[in-house]
Amino acid sequence: MFNSKFGSVPKFYVRAPGRVNIIGEHIDYCGYSVLPMAVEQDMLIAVEPVKTHVLQLANTNPLYLDFSTSANNIQIDKTKPLWHNYFLCGFKGIQEHFGLSDVTGMNCLVDGNIPPSSGLSSSSALVCCAGLVTLTVLGMNLSKVELAEICAKSEHYIGTEGGGMDQSISFLAEEGTAKLIEFSPLRATDVKLPSGAVFVIANSCVEMNKAATSHFNIRVMECRLAAKLLAKHKCLPQEEVLRLEEVQAKLGVSLEEMLLITEDALHSEPYSPEEICRCLGISLQELKTQILSPSTQDVLSFKLYQRAKHVYSEAARVLQFKKICEEAPDNTVQLLGELMNQSHVSCRDMYECSCPELDQLVDICRKSGAQGSRLTGAGWGGCTVSIVPADKLSSFLANVHEAYYQRSNRSLVPEKQSLFATKPGGGALVFLEA
């Protein structure tokens, strides 16, 4: 197909995996550790550097149209999360990191088997893949950590105010192990998952495009505002605080204590912009221009108590999950399942990032033999992840298939894209032979 598109053959290939976040939802951008693993599904790009300064992008999926642009004049339209814009994010991130104004062109054919808008990070995998493609074409070198940090920052070009989990696991993943990803500074620690259990991904078949919705960016701002109000309550300079983790660090207290402080400092009714201004002692103009992102300046109410409660409790669950994996008691699978169930309840009730189909699917997974099940990824659609005892796997898959996919027209989705067991895969890499 590369030959029919470009009349030549590729010089090298790059792959970057998607990921499933086992636990730790919506907390990376608050500064807290998360616990993902790479999945076997990935983005793959075939590449030919060319002498012109033209970037030509094609996709094996006919739904995604060809695109070409000057390599030295990258424009990313935030209003349209089109597939090629994610490639441009990765390209531009590397270009700007090295301060290059005269970049060689390339022909790229993109292929991928990560279901789109499923919460398995197909968009971030494409950003990472494009970043590594660009680095390779330029003949430059960066560490995996540097690549992850550049790609995390560059995805903001498309208007998503995410943290760095997706890009970090795409580069830092290793086969056979999940990773605890910590931020500031970015680092990854192996987490050995229990051998007697399998992690199963089930797609709700409700698509959610992170950049196309304001839900995600509103949550980021609610967490930022909650952090500032908590800081103010504790007489910390709120101007210096952007993340909920920073409040905990400055106070030097435990996550459990942060939950008590949240109870004390914030009320459960939504906050209006005017009330937030009164609490922080700032004007509405300052709130809009100095704190809120452009996409959230017209929001009329913010739920701060609920978001902070989710973040601090979820951050604690991540640490408990890692501790249980390390200590490996006899009831490990049951204990991990309970943490995953608690995570889903918090995502549904406190963070309000679930949807009826996800709740139904989680319920079916638990009734079908999972010890725990939760939404994974941003939510509002996408996938669930369940921990299933290995000896119950085949009956679990059959029961979920019948109860969720066959009882509706969802079975039209290819089954291997909608329901599958997964094990930790490796990270992004460059190779010369397809």
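The values are calculated or read from the model by the stated rules, or taken from the named source; none is laboratory data. Only a predicted model underlies this, so the values are computations on that prediction, with no experimental measurement involved. Note that each Cβ is placed from the backbone with ideal geometry, even for glycine, and that neighbours are counted across all protein chains shown. Protein only, heavy atoms only, side chains kept; ligands, DNA and RNA dropped before computing areas. Shrake-Rupley method; radii C 1.70, N 1.55, O 1.52, S 1.80 Å.
Condition test on LYS153, is it basic (Lys, Arg) and either at positive phi or over 16 Å from the mean Cα position of the chain (by Cα) (or both)? Before you say what the answer is, go through the steps one by one.
Details: basic (Lys, Arg): yes; either at positive phi or over 16 Å from the mean Cα position of the chain (by Cα) (or both): no.
Here the answer is no, as LYS153 does not meet what is asked.
On the basis of being of a type in the set (A, V, I, L, M), in a loop (DSSP other than H, G, I, E, B) and either within 13 Å of GLY377 (Cβ to Cβ) or over 24 Å from the mean Cα position of the chain (by Cα) (or both), does LEU65 make the cut?
Numbers: of a type in the set (A, V, I, L, M): yes; in a loop (DSSP other than H, G, I, E, B): yes; either within 13 Å of GLY377 (Cβ to Cβ) or over 24 Å from the mean Cα position of the chain (by Cα) (or both): yes.
Answer is yes for this residue.
Residues being farther than 17 Å from ALA226 by Cα and among the small types (Gly, Ala, Ser): count how many of those fall in segment 284-305.
Result for segment 284-305: 1.
How many of the residues making up segment 164-188 are touching a strand residue (DSSP E or B) at 6+ places or on another chain (Cβ under 8 Å), surrounded by fewer than 24 Cβ atoms within 10 Å (Cβ to Cβ) and in contact (Cβ under 8 Å) with a residue 24 or more places away in the chain?
The qualifying residues number 7.
Do we find that TYR305 is in a helix (DSSP H, G or I), touching a His at 6+ places or on another chain (Cβ under 7 Å), at negative phi and buried (at least 18 other Cβ atoms within 10 Å of the Cβ) in this structure?
On the way: in a helix (DSSP H, G or I): yes; touching a His at 6+ places or on another chain (Cβ under 7 Å): yes; at negative phi: yes; buried (at least 18 other Cβ atoms within 10 Å of the Cβ): yes.
Here the answer is yes, as TYR305 does meet what is asked.
Mind checking which pairs have a first residue in segment 316-333 that is at positive phi and a second that is open to solvent by 20 Å² or more (accessible area, probe 1.4 Å), Cβ under 8 Å, 6 or more apart or different chains?
Final answer for the pair search is ALA328/PRO194.
Within segment 68-101, can you find the residues that are among the hydroxyl-bearing types (Ser, Thr, Tyr) and either at pLDDT 95 or above or not in a loop (DSSP other than H, G, I, E, B) (or both)? Give the steps one after another, and end with the answer.
Kept after step one, since they are among the hydroxyl-bearing types (Ser, Thr, Tyr), are these residues of segment 68-101: 68-70, 79, 86, 101.
Answer for segment 68-101, where residues must be among the hydroxyl-bearing types (Ser, Thr, Tyr) and either at pLDDT 95 or above or not in a loop (DSSP other than H, G, I, E, B) (or both): SER68, THR69, SER70, TYR86.
Pick from GLN290, GLN342, GLN371, GLN334: which is closer than 25 Å to VAL253 by Cβ and polar (S, T, N, Q)?
Result: GLN342 is the single residue among GLN290, GLN342, GLN371, GLN334 that is closer than 25 Å to VAL253 by Cβ and polar (S, T, N, Q).
For every residue, the table says whether it meets (1) outside any strand (DSSP E or B); (2) at pLDDT 95 or above; (3) open to solvent by less than 60 Å² (accessible area, probe 1.4 Å).
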{"residue": "ASN341", "(1), (2), (3)": "yes, yes, yes"}
{"residue": "CYS347", "(1), (2), (3)": "yes, yes, yes"}
{"residue": "LEU358", "(1), (2), (3)": "yes, yes, yes"}
{"residue": "SER373", "(1), (2), (3)": "no, yes, yes"}
{"residue": "TYR405", "(1), (2), (3)": "yes, no, yes"}
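For segment 102-116, how many residues meet the condition of being in contact with a Ser or Thr (Cβ under 8 Å, 6 or more places away or on another chain) and either assigned to a helix (DSSP H, G or I) or modelled with pLDDT under 90 (or both)?
Number satisfying all stated conditions: 2.
Looking at this structure, is LEU304 hydrophobic (A, V, I, L, M, F, W, C) and without any contact (Cβ under 8 Å) to a residue 24 or more places away in the chain?
No: the conditions fail for LEU304.
Any idea how many residues of segment 41-58 are closer than 30 Å to ASN203 by Cα, open to solvent by 20 Å² or more (accessible area, probe 1.4 Å) and in contact with a helix residue (DSSP H, G or I) (Cβ under 7 Å, 6 or more places away or on another chain)?
Matching residues across segment 41-58 total 2.
Per-residue answers, yes or no, for (1) over 21 Å from the mean Cα position of the chain (by Cα); (2) under 14 Å from CYS223 (Cα atoms); (3) among the hydroxyl-bearing types (Ser, Thr, Tyr):
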| residue | (1), (2), (3) |
| --- | --- |
| GLN285 | yes, no, no |
| ILE291 | yes, yes, no |
| THR296 | no, yes, yes |
| LYS303 | yes, yes, no |
| ALA315 | no, yes, no |
| LEU319 | no, no, no |
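Confirm whether SER124 is among the small types (Gly, Ala, Ser), surrounded by 23 or more Cβ atoms within 10 Å (Cβ to Cβ) and assigned to a helix (DSSP H, G or I).
Criteria met by SER124.
Based on what the data block shows, is ALA173 among the aliphatic types (A, V, I, L, M) and touching a Leu at 6+ places or on another chain (Cβ under 7 Å)?
no
Taking into account only those residues within segment 1-40 that are more than 29 Å from VAL198 (Cα to Cα) and of a type in the set (Ser, Thr, Tyr), which is modelled with the highest pLDDT?
TYR13
Results for (1) farther than 13 Å from ALA16 by Cβ; (2) under 20 Å from the mean Cα position of the chain (by Cα); (3) polar (S, T, N, Q), shown as yes or no for each residue.
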| residue | (1), (2), (3) |
| --- | --- |
| VAL103 | yes, no, no |
| SER117 | yes, yes, yes |
| LEU120 | no, yes, no |
| CYS129 | no, yes, no |
| LEU132 | no, yes, no |
| LEU142 | yes, no, no |
| ALA148 | no, yes, no |
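I need the full set of residues from segment 187-231 which are at pLDDT 95 or above and in a loop (DSSP other than H, G, I, E, B), in order please.
LYS192, LEU193, PRO194
Just a yes or no: is a residue in segment 30-52 in a strand (DSSP E or B) and among the hydroxyl-bearing types (Ser, Thr, Tyr)?
Looking only at segment 30-52, we keep the residues that are in a strand (DSSP E or B), and these are 34-50.
When the remaining residues are screened for being among the hydroxyl-bearing types (Ser, Thr, Tyr), the result is none.
Scanning segment 30-52 turns up no residue that is in a strand (DSSP E or B) and among the hydroxyl-bearing types (Ser, Thr, Tyr).
Can you tell me which residue within segment 222-262, out of those that are under 27 Å from ASP298 (Cα atoms), free of Cβ contacts under 8 Å to residues at least 24 places away in the same chain and open to solvent by 20 Å² or more (accessible area, probe 1.4 Å), is farthest from the chain's Cα centre (by Cα)?
That would be PRO237.
So, PRO17, is that one in contact with a strand residue (DSSP E or B) (Cβ under 7 Å, 6 or more places away or on another chain), more than 30 Å from PRO294 (Cα to Cα) and crowded, with 19+ Cβ neighbours inside 10 Å or not?
yes
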